[in-house]
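Below is one structure, written out as C-alpha cells; the observations come after it.
The values are calculated or read from the model by the stated rules, or taken from the named source; none is laboratory data. Being a predicted model, the structure only gives us computed values, none of them experimental. Cβ: placed from backbone, ideal geometry, glycine included. Neighbour counts: every protein chain shown. These accessible areas exclude ligands, DNA and RNA; they are computed on the full protein's heavy atoms, side chains included. Shrake-Rupley method; radii C 1.70, N 1.55, O 1.52, S 1.80 Å.
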Amino acid sequence: MSHDERVTHPDQHSAADAADSTGSDLPQPPRENDEDRIDRVDLPQELDEDLPEPDWHRRRLRRAVAAGAFVLVVALVVAIFMVPLNVVIEAPGPTWNVLDNGSSSDQDVLKVTGTETYPTEGALRMTTVSVSGCPGYPVTTADLIAAWFSSDKRIVDRNEVCPRNQSAEQVEETGKAQMTASQDSAVIAALIETGLATSMRLTVTEVTKQQTSTEVQADDILESITPEGGETTAISSFSQLRELMTTIPEGTRVSLGVRRGEQQVSAALTTIAPQEGTTGSLLGLNLKISVDSPVEATFGLSDVGGPSAGMMFALGVVDEITPGPLTGGKDIAGTGTIDMDGQVGPIGGIQQKMAGARNSGSKFFLAPASNCDEVKDHEPEGMQVFAVSTLHEAVTATEAIASGNTSGLTTCSAR
C-alpha cells in the first residue's frame, strides 16, 4: 500500500486511531458500535415490561415497599391523633373566687339572703381539675405522650373517674348532683359554725328497698333511737346519728321516736348491713338534713360538677355572714368535701388543683389533712399549703393567713 492510501481527514479518525498515532502504551477502551449504544439507552417507565424480568420485578417490588411504608405511616398518624384510649388525663382546671359578686364575671358565684351580709375582700378560690378521657372528651396517644412530659398532669385509669358503663349524660348528672349536695352541706355547716343555726332536723324522704319495715313513713322527723334492750339516744345531728349507728350491729331491732305532723309516735325497724368497709349498721332510710334558719345561699356555677368545692363554699358563706373580711384581702385557694357537721374530707387531683391555684396567682392553699400524702413534696414553689380537717380549722387558718402569722398552722410536712 502506498503512503497516500494511509492519509485520511482528521475528522475520520477514531479515538483509538488517535491513540495509535501517538504510540501510547495505555490500554484503549473498547470501541462501540451503534448496536452497543442502543442497548444502553434508558427505556421510559411505561416500557418496563420490555426489560429483562429481574429488573422489572425489582422495580415493582421497590414501589410496593414504598407504598406499604406510606400506608403504615398514615395508619400510625391516625392512631396517634384519632384512636381514643381507655385512660383519663387530669390537668389543672380553672378556679373561681366564691366571694365574686359579679364584678369580674357575669354571675354571682355565691349569693346569701335571709340575714345581714358584710363586705368581703381578697379571694377564697375554689379549684378544679380538667378531665379528658370521659365520654365526649376522648384521649389519644398524642395526648398521652404530652401528659407524660407534663409535671402538672396525671394519667389514671378511666374506671376510677367515669366507668365505661356510664354515658356522658350520666356522668354529667352525677357530677351536678354531687355539686348540689356539697352546696347544701356547706350552707348548713357554715350556719352551725357561725351560730346562726343551733339545731339540725333529719326528715325521712324514702324507705330504701333493703328496709322491710312498714312502720316508718316519708316526712317523719327522726328524734330518737332506742336499740332493743338498750338506752334511748336523742338525735340532734347527722354526725351524732352516724356515730351511733357504728355501735349498733346489723340485724338489731330498734325503736325510732319520730314526729309525724303534730304527733310524736314510735316506729320499729331492723337495721341492715352497712356499706362495705364500715362497721355497725344502717337504718335503711334516706334522710333530708335541714336546720332552723332563715338564711339561704345560692351558687351560680352551673357548669362545674363534683363535691370537692364544699369547704370553700362553706368558707365563703362564713365570710359573707360575719363582720370583717375573713381573708384580710389575701388570695387563698383550697379544696375539700364537707359534710353538714363541718368535717372536711379528701378529694382527687390535689396536685392538679394546687397547680391551678398557682396559675391563678394564689400564694396560700388549704388542703384536706387526709390528702397530705399526695401534697407532701409536691407543693408549688412559693405556695404555702396548710392542712385542715374541719371547717373550724379552715376558718382559723384563713384568719391566721389574713393576720400574716401562720406559724401555728399545721402543714402536711409537719404531720
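In order along the range 273-279, phi translates into HN-Hα couplings of 5, x, 5, 4, x, 10, 10 Hz, rounded to whole numbers, per the Karplus curve 6.51 cos²θ - 1.76 cosθ + 1.60 with θ = phi - 60° and x for Gly and Pro. The residue among Ser266, Val291, Ser236 whose Cα reaches farthest toward the positive pole of the charge dipole of the range 199-292, with charges on the beta-carbon of Lys, Arg, Asp and Glu, is Val291.
Quick check: at a probe of 1.4 Å, how many percent of the accessible area of the range 199-292 sits on carbon and sulfur atoms? Carbon-and-sulfur percentage of accessible area, whole number: 46. Simple spin-label estimate for Ala273 and Arg60 gives 7.0 nm between the two label positions (7 Å along the Cα-to-Cβ direction from each Cα). Annotation for the range 120-163 versus the range 356-372: alpha-carbon center distance of 17 Å.
Give the peptides 383-396, 158-171 in descending order of average Cβ contacts within 10 Å, highest first.
383-396, 158-171
Average 1/r across all pairs of distinct alpha carbons in the range 199-292, invert it, and you get the Kirkwood radius: 13.2 Å.
What is the sum of charges, Lys and Arg at +1 and Asp and Glu at -1, for the other residues whose Cβ falls under 12 Å from the Cβ of Gly382?
Numbers: positive: Arg358, Lys363; negative: Glu379, Glu381.
Counting the neighbours of Gly382, the net charge comes to 0.
Distant-in-sequence amide contacts of Ser224, defined by a placed amide H-H separation under 5 Å and a gap of 5 or more residues or a different chain, comprise Ile235, Gly257.
Near the amide H of Leu269, within less than 5 Å, lie the amide hydrogens of Val254, Leu256, all on another chain or at least 5 residues away, with H placed in the peptide plane. Counted by Cβ distance under 13 Å from Gln183, the other residues give a net charge of -1, where Lys and Arg count +1 and Asp and Glu count -1.
Per-residue extension of 0.36 nm, minus the Cα-Cα distance of Glu296 and Glu228, leaves a gain of 20.5 nm for this segment. Other residues lying with their Cβ under 15 Å from the Cβ of Glu250 contribute a combined charge of -1, Lys and Arg counting +1, Asp and Glu -1. Pairs exceeding 30 Å between alpha-carbon atoms, taken from Lys111/Lys209; Lys153/Lys330; Lys288/Lys330; Lys111/Lys288; Lys153/Lys176; Lys288/Lys363: Lys111/Lys209; Lys288/Lys330; Lys288/Lys363. With a cut-off of 19 Å on the backbone N, the residues of the range 285-300 near the modelled label site 7 Å out from Ala181 along Cα-Cβ are 285-291, 299.
With the simple model of a label 7 Å out from the Cα in the direction of the Cβ, Ser266 to Met383 spans 5.6 nm.
Averaged over residues, the count of other Cβ atoms within 10 Å places the peptides 141-148, 228-235 in the sequence 141-148, 228-235, highest first. Of the residues Ala177, Thr247, Ser213, the one whose Cα sits farthest towards the positive end of the charge dipole of the range 154-281 is Ala177 (charges of +1 on Lys and Arg Cβ, -1 on Asp and Glu Cβ, taken about the Cα centre). Note on Gln240 and Ser150: with the Förster distance fixed at 51 Å, the Cβ-Cβ geometry gives a FRET efficiency of about 0.65. In this structure the amide hydrogen of Leu287, modeled in the peptide plane, comes within under 5 Å of the amide hydrogens of Thr205, none closer than 5 places in sequence on its chain.
If R0 is 41 Å, what FRET efficiency do you get for Thr410 and Ala69 from their C-beta distance, rounded to 0.05? Computed FRET efficiency for Thr410 and Ala69: 0.10. A simple charge model with +1 on the Cβ of Lys and Arg, -1 on the Cβ of Asp and Glu and nothing else charged puts the dipole of the range 199-292 at about 100 debye relative to its Cα centre. Between the listed residues Ala190, Ser150, Gly133, the Cα displaced farthest toward the positive end of the dipole of the range 96-226, a dipole computed from Cβ unit charges relative to the Cα centre, is found at Ser150. Packing, as the average of other Cβ atoms within 10 Å across residues, places the peptides 272-278, 257-263 in the order 257-263, 272-278, highest first. Simple spin-label estimate for Glu206 and His392 gives 3.4 nm between the two label positions (7 Å along the Cα-to-Cβ direction from each Cα).
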